[in-house]
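> Right, I'll just put the structure down here and ask away after.
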């Protein structure tokens, strides 16, 4: 590391910089470690990092300001973030958060006067089956109640390091309620790789094609086609010889583990207890496209899984399943590096994820070109979901026909669902595609269910009249979220929560989404406050059209889905909130002048607006 003009900062930065070298693509990882060290990113550290990586200071500051888990101002030695997902709210999160703030004499969203602690809300933490949940300095706290919060408050007052807190506070359970071919059948590490080597890479790609595996992230693009496009792009470029240090044309494989859709937590379980399946699938894919390097992009909320995942990788290297000459196959080299996100839902979009991998703000790229031709560092890159790679490992082991025999013709195999909300048995359920919503509700003990939000806020709201619909790409495609609401729930509250989520998570790249999500939130706030009119409902519909047709990426396209679905299927929940039949402004100008009236001692009619 080059000498730093701030020696007291430089002493702490030196080992961090030494670990990451001068690689600018590792900027986000460096910033995360600096945040851990100082509890925020000091201005002097920004200058030192910029100098070391030879980047403009504004770029480093811009990246630090983009991710919600990074902060350029002091957030206290303990930063407690309560999950603000609707299911956490249904379990009492707002009251518990206020109770906790009162215990510590701190206002929500602010830092205590002694800089000891800050308390705020964050987007879904992926713990919906054991909420209310929170994060403390990035570590998960589950099943919160007043007793646990009393203990946490006392630990903070004692300035006890988080690493020394009782382990029971951080317990995260898998809660697997219904296993299937991924979660219920034993898997021997290396079985998929051995079967692939026996049949060859091209034949394995053919098996993937026969399986008709489609991406489990929600979009449902056929996996074999994606791998084929990447393979073709590589073949086309062979003559250009853009190579890695070993003289091989560069290409990459990336596992998208940025599971940020509210209500989804299946990838958390796969990574916690089935990591071998995931890494095996990545290795199979790497052999097919000829990649020597892979990345697992792990969402910041799952940082607690980093060390266990690194242990799995080390074990696989020791067993000859990663590294050089895998399982004795000369020239078959592949390894995986884990990169941590830092709280940005948009990074679940594959091109935004690649931008983040490169150490930048996670903003979606213009497409084309697509990642399969121009991805990480401009090279051919396959990006697939955690569950997709797990399925790929099974297909490599048992064949495409075995996989295609499950599910439906257009949606083969099984789907893992993350079930939360108003049900007796929240958790993880694996079903063959084609299962009905009604059957799922019966299995999870959802009595008197009035509605289900399938695939999170960006998905589809299913009313009680539609429970015969099926989980399948041809009917209800889903990334995995399945949130249940019983008859006593006010569906307006769910839609309102989701609009806050989209307004918070918009990356700000395009005007329709940046402005549209904020306007949508403000109208919903106005209606919630009792000032809504029918004109506001029409404006929400108009905004929905703009967001859906003019936004740059999928976040904006789907940001109005919860509002439009709720308006269409549960109109009464909005109508009950309306207090006026004609226009009523959201801003009370006369009320805002009250302070001036008190200062001047006037309260006559001329001091009021008519």
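> Within segment 106-136, can you find the residues that are over 19 Å from residue 268 (Cα atoms), touching a residue at least 40 places away in the same chain (Cβ under 8 Å) and surrounded by 15 or more Cβ atoms within 10 Å (Cβ to Cβ)? Full working, then the answer.
Quick first cut of segment 106-136, residues over 19 Å from residue 268 (Cα atoms) only: 106-121.
Of the ones still in play, those that are also touching a residue at least 40 places away in the same chain (Cβ under 8 Å) are 115-118, 120-121.
Answer for segment 106-136, where residues must be over 19 Å from residue 268 (Cα atoms), touching a residue at least 40 places away in the same chain (Cβ under 8 Å) and surrounded by 15 or more Cβ atoms within 10 Å (Cβ to Cβ): 116, 117, 118, 120, 121.
> Hey, another quick one. With the structure loaded, tell me whether residue 461 is buried (at least 24 other Cβ atoms within 10 Å of the Cβ) and either outside any loop (DSSP other than H, G, I, E, B) or assigned by TED's automatic domain parsing to the domain that holds residue 446 (or both) or whether it fails that test.
Spelling it out, residue 461 is indeed buried (at least 24 other Cβ atoms within 10 Å of the Cβ) and either outside any loop (DSSP other than H, G, I, E, B) or assigned by TED's automatic domain parsing to the domain that holds residue 446 (or both).
> Sticking with this one: From the list 450, 542, 504, which residue is in a strand (DSSP E or B), surrounded by fewer than 19 Cβ atoms within 10 Å (Cβ to Cβ) and either in contact with a strand residue (DSSP E or B) (Cβ under 9 Å, 6 or more places away or on another chain) or at pLDDT 95 or above (or both)?
When all the criteria are applied, what remains is 450.
> Please go through segment 437-447 and pick out each residue that is surrounded by fewer than 20 Cβ atoms within 10 Å (Cβ to Cβ) and part of a loop (DSSP other than H, G, I, E, B).
Listed by number, the residues that qualify are 445, 447.
> (1) surrounded by 19 or more Cβ atoms within 10 Å (Cβ to Cβ); (2) without any contact (Cβ under 8 Å) to a residue 24 or more places away in the chain; (3) over 23 Å from the mean Cα position of the chain (by Cα): which one isn't true of residue 521, the others all being true?
Unmet condition: (3).
> Something else now. How about segment 54-74: which of its residues are crowded, with 21+ Cβ neighbours inside 10 Å and either in contact with a strand residue (DSSP E or B) (Cβ under 9 Å, 6 or more places away or on another chain) or farther than 16 Å from residue 507 by Cα (or both)?
Hits for segment 54-74 are 60, 69.
> Yes or no: residue 80 modelled with pLDDT of 95 or more, touching a helix residue (DSSP H, G or I) at 6+ places or on another chain (Cβ under 9 Å) and in a helix (DSSP H, G or I)?
Values: modelled with pLDDT of 95 or more: yes; touching a helix residue (DSSP H, G or I) at 6+ places or on another chain (Cβ under 9 Å): yes; in a helix (DSSP H, G or I): no.
Answer is no for this residue.
> Given the condition within 26 Å of the chain's Cα centre (by Cα) and surrounded by 17 or more Cβ atoms within 10 Å (Cβ to Cβ), answer yes or no: does some residue in segment 193-210 qualify?
Looking through segment 193-210, none of the residues is within 26 Å of the chain's Cα centre (by Cα) and surrounded by 17 or more Cβ atoms within 10 Å (Cβ to Cβ).
> Only one of 597, 602 is more than 30 Å from residue 351 (Cβ to Cβ), assigned to a loop (DSSP other than H, G, I, E, B) and free of Cβ contacts under 8 Å to residues at least 12 places away in the same chain; which?
Step by step, each of 597, 602 is checked, and only 602 is more than 30 Å from residue 351 (Cβ to Cβ), assigned to a loop (DSSP other than H, G, I, E, B) and free of Cβ contacts under 8 Å to residues at least 12 places away in the same chain.
> Still on this structure: Within segment 85-104, identify whether any single residue is exposed (fewer than 14 other Cβ atoms within 10 Å of the Cβ) and under 20 Å from residue 161 (Cα atoms), and answer yes or no.
There is no residue in segment 85-104 that is exposed (fewer than 14 other Cβ atoms within 10 Å of the Cβ) and under 20 Å from residue 161 (Cα atoms).
> Then there is this: Could you tell me which residue of segment 276-314 is surrounded by the most Cβ atoms within 10 Å (Cβ to Cβ), considering only residues that are touching a residue at least 40 places away in the same chain (Cβ under 8 Å) and more than 25 Å from residue 230 (Cβ to Cβ)? Explain how you work it out, then say what you get.
Taking segment 276-314 as the starting set, the residues that turn out to be touching a residue at least 40 places away in the same chain (Cβ under 8 Å) are 276-304.
Going one step further and asking which of them are more than 25 Å from residue 230 (Cβ to Cβ), we end up with 300-304.
Numbers: 300: 23, 301: 29, 302: 24, 303: 20, 304: 15.
So, considering only residues that are touching a residue at least 40 places away in the same chain (Cβ under 8 Å) and more than 25 Å from residue 230 (Cβ to Cβ), the one surrounded by the most Cβ atoms within 10 Å (Cβ to Cβ) is 301.
> Sticking with this one: Filter the strands (runs of 3 or more DSSP E) completely within segment 284-391 down to those with at least 1 residues that are at positive phi and under 15 Å from the mean Cα position of the chain (by Cα).
Once the strands (runs of 3 or more DSSP E) in segment 284-391 are filtered for at least 1 residues that are at positive phi and under 15 Å from the mean Cα position of the chain (by Cα), nothing remains.
> State which residue is modelled with the lowest pLDDT when the search covers only segment 431-447 and only residues that are in contact with a helix residue (DSSP H, G or I) (Cβ under 9 Å, 6 or more places away or on another chain) and farther than 21 Å from residue 220 by Cα.
Among residues in segment 431-447 that are in contact with a helix residue (DSSP H, G or I) (Cβ under 9 Å, 6 or more places away or on another chain) and farther than 21 Å from residue 220 by Cα, the one modelled with the lowest pLDDT is 447.
> Looking only at residues in segment 445-466 that are free of Cβ contacts under 8 Å to residues at least 60 places away in the same chain and within 22 Å of the chain's Cα centre (by Cα), which one is farthest from residue 123 (Cα to Cα)?
The residue in question is 452.
> Out of all the residues in segment 364-387, which are touching a helix residue (DSSP H, G or I) at 6+ places or on another chain (Cβ under 6 Å), surrounded by fewer than 22 Cβ atoms within 10 Å (Cβ to Cβ) and touching a residue at least 24 places away in the same chain (Cβ under 8 Å)?
Hit for segment 364-387 is 373, nothing else.
> Checking residue 428 against (1) within 26 Å of residue 84 (Cβ to Cβ); (2) surrounded by 20 or more Cβ atoms within 10 Å (Cβ to Cβ); (3) out of contact with any helix residue (DSSP H, G or I) (no Cβ under 6 Å at 6 or more places or on another chain), only one condition comes out false. Which one?
If we test residue 428 against (1) within 26 Å of residue 84 (Cβ to Cβ); (2) surrounded by 20 or more Cβ atoms within 10 Å (Cβ to Cβ); (3) out of contact with any helix residue (DSSP H, G or I) (no Cβ under 6 Å at 6 or more places or on another chain), just (3) comes out false.
> Does segment 125-142 include one or more residues that are within 22 Å of residue 496 (Cα to Cα) and part of a strand (DSSP E or B)?
Looking only at segment 125-142, we keep the residues that are within 22 Å of residue 496 (Cα to Cα), and these are 125-129, 131-134.
From the residues that got through so far, the ones that are part of a strand (DSSP E or B) too are 134.
Within segment 125-142 (the criterion being within 22 Å of residue 496 (Cα to Cα) and part of a strand (DSSP E or B)), the answer is yes, since at least one residue qualifies.
> State the number of residues belonging to segment 392-413 that are touching a helix residue (DSSP H, G or I) at 6+ places or on another chain (Cβ under 8 Å) and part of a strand (DSSP E or B).
Here the count works out to 1.
> A further question on this structure: Taking into account only those residues within segment 89-124 that are in a helix (DSSP H, G or I) and touching a strand residue (DSSP E or B) at 6+ places or on another chain (Cβ under 7 Å), which is farthest from residue 503 (Cα to Cα)?
Only one residue tops the list, namely 104.
> Report, by residue number, each residue of segment 465-480 that is within 17 Å of residue 419 (Cα to Cα) and either touching a helix residue (DSSP H, G or I) at 6+ places or on another chain (Cβ under 9 Å) or surrounded by fewer than 18 Cβ atoms within 10 Å (Cβ to Cβ) (or both).
467, 469, 470, 471, 476, 479, 480, listed by residue number.
> Could you check how many residues of segment 137-148 are closer than 25 Å to residue 421 by Cβ and either touching a strand residue (DSSP E or B) at 6+ places or on another chain (Cβ under 8 Å) or buried (at least 22 other Cβ atoms within 10 Å of the Cβ) (or both)?
4
> With the condition kept exactly as written, say whether any residue in segment 211-232 is more than 30 Å from residue 419 (Cβ to Cβ), surrounded by 19 or more Cβ atoms within 10 Å (Cβ to Cβ) and either without any contact (Cβ under 8 Å) to a residue 24 or more places away in the chain or not assigned by TED's automatic domain parsing to the domain that holds residue 284 (or both).
no
The values are calculated or read from the model by the stated rules, or taken from the named source; none is laboratory data. Fair warning: this is a prediction, and the values are worked out from it, not measured in the lab. Neighbour counts run over all protein chains shown; Cβ positions are idealised from the backbone, glycine included.
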